[in-house]
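Undergrad: Got a structure for you, questions after.
The values are calculated or read from the model by the stated rules, or taken from the named source; none is laboratory data. Remember, it's a predicted structure, so these values are computed and weren't measured experimentally. Neighbour counts are summed over all protein chains in view; Cβ atoms, including those assigned to glycine, are modelled from backbone coordinates with ideal geometry. Just so you know, the surface numbers come from the protein's heavy atoms only, side chains and all, with ligands and any DNA or RNA stripped out. Shrake-Rupley method; radii C 1.70, N 1.55, O 1.52, S 1.80 Å.
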Amino acid sequence: MSVATATDPYMPDGSYAWFRLAISILLSTLGGAGMWAVVIVMPAVQVDFGIDRAGAALPYTLTMIGFGLGNYLLGRFVDRYGIVPPVIASALFLSAGFALAALSTDIWSFSLAQGVLIGLGTSATFGPLVADVSHWFVKRRGLAVACAACGNYLAGVVWPSLIQWNLATNDWRETYLLIAVICLLSMIPLALFLRRPPPETAFSTAPETTPFSQISTGLSPQALQALLVIAAIGCCVAMSMPQVHIVAYCVDLGYGVAPGADMIAIMTAAGVISRLVSGVLADKIGGVKTLLLGSVLQCAALFLFIPFNGLASLYLISLIFGLSQGGIVPSYAVIVREYLPAREAGQRVGLVIMATILGMALGGWLSGWIYDLTGSYNAAFLNGIAWNVLNMAIIIAILIKGRPKTLLPRAL
C-alpha cells in the first residue's frame, strides 16, 4: 500500500474526510427523528391514551434506554465491521418502529415500538457515527466530532418544525407514518457513501500533534472510563429537564404546544452553535476543560428557569440554555480519543454516549415523577441542578489530576 501524500484526498483531514463528515451529519439529522418526535407528540399521546404525565414520559425514557444501549453495542460492532451495516439497519429499524408506533393501541405497545425499534435505530446515527468520523481527523478532530454531533441537534431544529406543521392538519399517528417513509427512502442511499474503511494511520500508536495529547489524567483507563460514565449521567439528567418537558411545561402555563416546540427548536439551533464553538475550543484547550466550561454554563442556565416563566423569558432562557450545553456531549468523545485506545474508540465512545443517553432517560422520567408528586416543575429544576453539580465535581477532579506525560515541549 502506498504511503499517503499531502495531496491524497483520503488522508486524515483530507477532502474525503470532510465529505464523509457532511454525509454523517445528514444521517444523524435524519436518524435523530427517533429522539425528538416522541417529545413533540407527548401531550397528544397523553390525551389519546388517557394517562398521567409520568406515563406519557415513559415512551421517551424507553426510547433513550434503547438509544443508549444501541450506542454501546453498535459501537463495538463498528470497531470490527465498519459503519455501513449499522446505518442501514438503523433505517430499517426506524421505519418499522415509527410505523408500528402509529398503529399502537395502548401506551405499552407504543412504548415498546419506541424503546426497541426507534431507540436502537436512532443509536447508529449518533455515537457510532461520531466514533467513525474521529478516525478521519487528527488536527481538526475536536471540530469534526462536534460537527458530527451537531446532526443530533439539527434534528431537533428540523423535526419539531416538520412535526408541528404536519400536526396542524393530521394527527400524530399519520405524522409517525410520514417519518417512517422519509427515514427508509433517504438513509440507505446515504449510508452507501461511507463504505470506504478508515485510513490505517487512524490506529497508529504514534503521538498525535495536538497540545492536549501530551497530558495524562493520572488515572487508569478503567477508572477514567468509570468517572466519565458517572459524569455523563449527571450532566444529562440535568440537561433532560428543559429538553424533555418544555412542551408540557408550556401547555401547563397556558401557552400551548406550539411555543414549546419552538423553544426546542431554539435550544437545539443554539446547541449547534455551541457544539461548533466547543469543537474549536477543544482543539485548543482539550476536551476536559471544554466539558467543564459547558457544565458550569448549563448549571447557570438551569437556575434561570426557576424564577422566570413568562413566555418571552422562556424563549430567551431556551436560547441561553442551548448556547450553554450544546458542546457537553461531544466533549466526552473528544476526551475518549485524547486518552483512551484508538482501536477501542467505537465501544468506548459508545459507552460514554450511552451514559449520557441513560442520564437523559432517567432525567426525563424523574422530572415527570417529581412533577406528579409536587404539582410543579420547580423541584424538578432543582433536582437537575443537583445532578449538574455532581458532574462538575467529577470533571474538576479529573482536571486536577491531569499532568504532562513527558517533559517535551507541546506541539504548536
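Undergrad: Among residues belonging to the stretch 361-377 that are open to solvent by 10 Å² or more (accessible area, probe 1.4 Å) and of a type in the set (A, V, I, L, M), point out the one that is farthest from the chain's Cα centre (by Cα).
TA: Here the answer is 373.
Undergrad: Does residue 146 qualify as being at pLDDT below 85 and among the aliphatic types (A, V, I, L, M)?
TA: Yes: the conditions hold for residue 146.
Undergrad: Could you run through the stretch 5-18 and say how many residues are within 20 Å of residue 192 (Cα to Cα) and either of a type in the set (Gly, Ala, Ser) or exposed (fewer than 13 other Cβ atoms within 10 Å of the Cβ) (or both)?
TA: Adding up the residues that qualify gives 4.
Undergrad: Considering each of 155, 168, 124 in turn, give the residue that is of a type outside the set (Val, Ile, Thr), within 27 Å of residue 256 (Cα to Cα) and in contact with a Ser or Thr (Cβ under 7 Å, 6 or more places away or on another chain).
TA: 155
Undergrad: Follow-up question, since we're still on this one. Could you please let me know if residue 394 is assigned to a helix (DSSP H, G or I), buried (at least 18 other Cβ atoms within 10 Å of the Cβ) and either modelled with pLDDT of 90 or more or polar (S, T, N, Q) (or both)?
TA: yes
Undergrad: Next question. Go through (1) at pLDDT below 90; (2) of a type in the set (A, V, I, L, M, F, W, C); (3) under 23 Å from residue 126 (Cα atoms) for residue 236 and report which single condition fails.
TA: (1)
Undergrad: Within the stretch 46-64, is there a residue that is of a type in the set (D, E, K, R), in contact with a helix residue (DSSP H, G or I) (Cβ under 7 Å, 6 or more places away or on another chain) and touching a residue at least 40 places away in the same chain (Cβ under 8 Å)?
TA: Yes, the stretch 46-64 has at least one match.
Undergrad: Right, next: Taking residue 289 as meeting all but one of (1) assigned to a helix (DSSP H, G or I); (2) open to solvent by 60 Å² or more (accessible area, probe 1.4 Å); (3) without any contact (Cβ under 8 Å) to a residue 60 or more places away in the chain, write down the number of the exception.
TA: Against the list (1) assigned to a helix (DSSP H, G or I); (2) open to solvent by 60 Å² or more (accessible area, probe 1.4 Å); (3) without any contact (Cβ under 8 Å) to a residue 60 or more places away in the chain, residue 289 comes up short only on (3).
Undergrad: Okay, next question. Examine the stretch 52-71 for a residue that is in a loop (DSSP other than H, G, I, E, B), touching an Asp or Glu at 6+ places or on another chain (Cβ under 9 Å) and either open to solvent by 30 Å² or more (accessible area, probe 1.4 Å) or among the aliphatic types (A, V, I, L, M) (or both), and state whether such a residue exists.
TA: Scanning the stretch 52-71, I find at least one residue that is in a loop (DSSP other than H, G, I, E, B), touching an Asp or Glu at 6+ places or on another chain (Cβ under 9 Å) and either open to solvent by 30 Å² or more (accessible area, probe 1.4 Å) or among the aliphatic types (A, V, I, L, M) (or both), so the answer is yes.
Undergrad: Only one residue in 306, 273, 266, 320 is among the β-branched types (Val, Ile, Thr), within 30 Å of residue 13 (Cβ to Cβ) and open to solvent by 10 Å² or more (accessible area, probe 1.4 Å), so which one is that?
TA: Just a single option satisfies the conditions, and that option is 273.
Undergrad: Then there is this: Filter the stretch 123-182 down to residues that are free of Cβ contacts under 8 Å to residues at least 24 places away in the same chain and in a helix (DSSP H, G or I), then give me how many there are.
TA: Residues meeting the conditions: 4.
Undergrad: Name the residue that is farthest from residue 162 (Cα to Cα), counting only residues in the stretch 47-66 that are within 15 Å of the chain's Cα centre (by Cα) and at pLDDT below 85.
TA: Across the stretch 47-66, the extreme among qualifying residues is 65.
Undergrad: Among the candidates 345, 355, which residue alone is in a helix (DSSP H, G or I), crowded, with 21+ Cβ neighbours inside 10 Å and at pLDDT 85 or above?
TA: Criteria check complete, one pass: 355.
Undergrad: Which residue pairs have Cβ atoms closer than 6 Å, lie 6 or more positions apart in sequence or on different chains, and pair a first residue in the stretch 248-266 that is of a type in the set (Ser, Thr, Tyr) with a second residue that is part of a helix (DSSP H, G or I)?
TA: From the stretch 248-266, the pairs are 255/311.
Undergrad: When the residues of the stretch 114-130 are narrowed to those that are under 15 Å from residue 85 (Cα atoms) and of a type outside the set (Ser, Thr, Tyr), which ends up most open to solvent (accessible area, probe 1.4 Å)?
TA: Going through the qualifying residues, I end up with 120.
Undergrad: Please go through the stretch 21-30 and pick out each residue that is touching a residue at least 24 places away in the same chain (Cβ under 8 Å), open to solvent by 10 Å² or more (accessible area, probe 1.4 Å) and not polar (S, T, N, Q).
TA: 23, 25, 26, 30 - these are the residues of the stretch 21-30 that are touching a residue at least 24 places away in the same chain (Cβ under 8 Å), open to solvent by 10 Å² or more (accessible area, probe 1.4 Å) and not polar (S, T, N, Q).
Undergrad: Got a sec? Which of 33, 44 is modelled with pLDDT under 85, aliphatic (A, V, I, L, M) and either out of contact with any strand residue (DSSP E or B) (no Cβ under 6 Å at 6 or more places or on another chain) or open to solvent by 50 Å² or more (accessible area, probe 1.4 Å) (or both)?
TA: Step by step, each of 33, 44 is checked, and only 44 is modelled with pLDDT under 85, aliphatic (A, V, I, L, M) and either out of contact with any strand residue (DSSP E or B) (no Cβ under 6 Å at 6 or more places or on another chain) or open to solvent by 50 Å² or more (accessible area, probe 1.4 Å) (or both).
Undergrad: Of everything in the stretch 323-334, what is polar (S, T, N, Q) and open to solvent by less than 10 Å² (accessible area, probe 1.4 Å)? Give them in sequence order.
TA: If the condition is that a residue be polar (S, T, N, Q) and open to solvent by less than 10 Å² (accessible area, probe 1.4 Å), then 325, 331 are the ones that fit.
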